[in-house]
Amino acid sequence: MSGWAGAARLERRFSLRKSNLMLTFFSTPKAFRGHIEIIQRNALESWKRLHSNIEVILFGVDKGTAEICKEFGLRHIPDTSRSQLGTNRVDSMFERAQQVSRHDLLCYSNCDIVLTQDFMEAVQRVRAWRSAFLMVGRRWDTAVAGSLDFAKEDWERRITELARREGYHRFYHNIDYFVFTRGLYREMPPLVVGRAHWDHWMVWKALAQGAAVVDASEDVCAVHQNHDYSHVPEGWKSVSEDQDAQRNFELAGGRAHLRTIEDATFRLTARGVEANRFYWMAPTKRRWRDVGRKIWGTLRTKAWHRLLDATRPLRHAVGLKEDSVPAGLRSRKKRHWMDV
């Protein structure tokens, strides 16, 4: 970080501490057990520490939710509408949160996302720029095994450095937090959380209403703590393909009503909020990537893998193995296996 940028950030942090920025978080956690309990506690504690005016509302009745609300001093709303499979409905939570929140600025976040002061700085900057908006951003998938040590003054630096050093900056289609102003989402189909497509409909809805959609990925290191998908019957397949996921796709109106972070009309940068000049190219980029995935999948299976198998004895005989390639010749850009 340059001297100017560092000084500007320190100034913003001092301004944030003195500001009256008020924000309500709401979410629906998974059952508090095992590793999921650890990372959800990490996330909730990080939210609480963002500002003295933070309000947190948790929806649902999964194991441990009522107890964690009592322990952390959070607001608990157990009664929510659910799908036939028992999954919490997005429309029910968003409607109720906008009705009962103490603040006009709200943030839905998945309950495994650790947020630090760069998030609050981003909210403050976007809020000062425009009174009504939707702010979203890409996440950093990071392996977090244990509880964060919030007693250490540098806990924020530690977790963000870990994310940037060892994590994956996921692509534009994973959306884990939505900061928006009360009233933006008034009418919603009965989508469910924790399944595909609902988050992409949220971006489309904001754009369809003419709201400013801001991509804060450059400024916010949102740390997604990696976890398994044992909380759903068939793991990841359930998230993307089960009855709830298919129903989400239908209720959203199909691909015509699905957008990602790449479609944001504005970007938050060190210079401020700037127009995202090429947002209109996002649908074309997605189509090309879909075609590329199909072509590469076919080539990889029918040609590349066969070539590797056929040449493996010769390559190993002359010492051509992956770990023998000089570090300087390897690709330095880390990309998640799903982000192709």
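Which FRET efficiency, nearest 0.05, do R255 and E95 yield, Cβ-Cβ r, R0 35 Å?
Working: r = 26 Å, r/R0 = 0.73.
The pair R255/E95 has a calculated efficiency of 0.85.
When the Cα atoms of the range 96-207 are enclosed in a convex hull and the volume is divided per residue, what value in Å³ results?
On the way: hull volume 15.8 nm³, N = 112.
It comes to 141 Å³ per residue, whole-number rounded.
Provide the gained length on full extension for the span R315 to R186, in nm with one decimal, where the gain is 0.36 nm per separating residue minus the Cα-Cα distance.
Between R315 and R186, full extension yields 40.3 nm more.
Can you give the extra length, in nm with one decimal, that the chain gains between L308 and S81 once fully stretched, where that is 0.36 nm per residue apart less the Cα-Cα distance? Show your work: numbers first, answer last.
Working: separation 227, 0.36 × 227 = 81.72 nm, distance 5.18 nm.
Additional length available on full extension: 76.5 nm.
Below 27 Å Cα-Cα, how many Lys pairs turn up in the range 3-277? Only count pairs eight or more apart in sequence, or on different chains, if you could.
Value for the range 3-277: 13.
Using Cα-Cα distances under 8 Å and only pairs 6 or more residues apart, what relative contact order does the range 3-277 have, in percent? Walk me through the numbers before you get to the answer.
Numbers: 503 pairs, mean separation 58.8, N = 275.
The normalised contact order for the range 3-277 reaches 21 percent.
Modelled label-to-label distance, D149 and A208, 7 Å Cα→beta-carbon offset: nm?
Result for the modelled spin labels: 4.9 nm.
Can you pull out the GluC sites (Glu not before Pro) in the range 142-210 whose DSSP state is coil and whose Cβ has at most 11 other Cβ atoms within 10 Å?
Working: sites: E153, E156, E161, E166, E187; in loops: E153, E187.
Here the GluC sites (Glu not before Pro) that fit, given the DSSP loop and packing criteria, are E153, E187.
Taken together, the values in this text are just the output of simple stated rules run on the coordinates, not laboratory data. Nothing here was measured: the structure is a model prediction, and the numbers come from that model. Here Cβ is always computed from backbone atoms with ideal geometry, including for glycine, and neighbour counts include all displayed protein chains.
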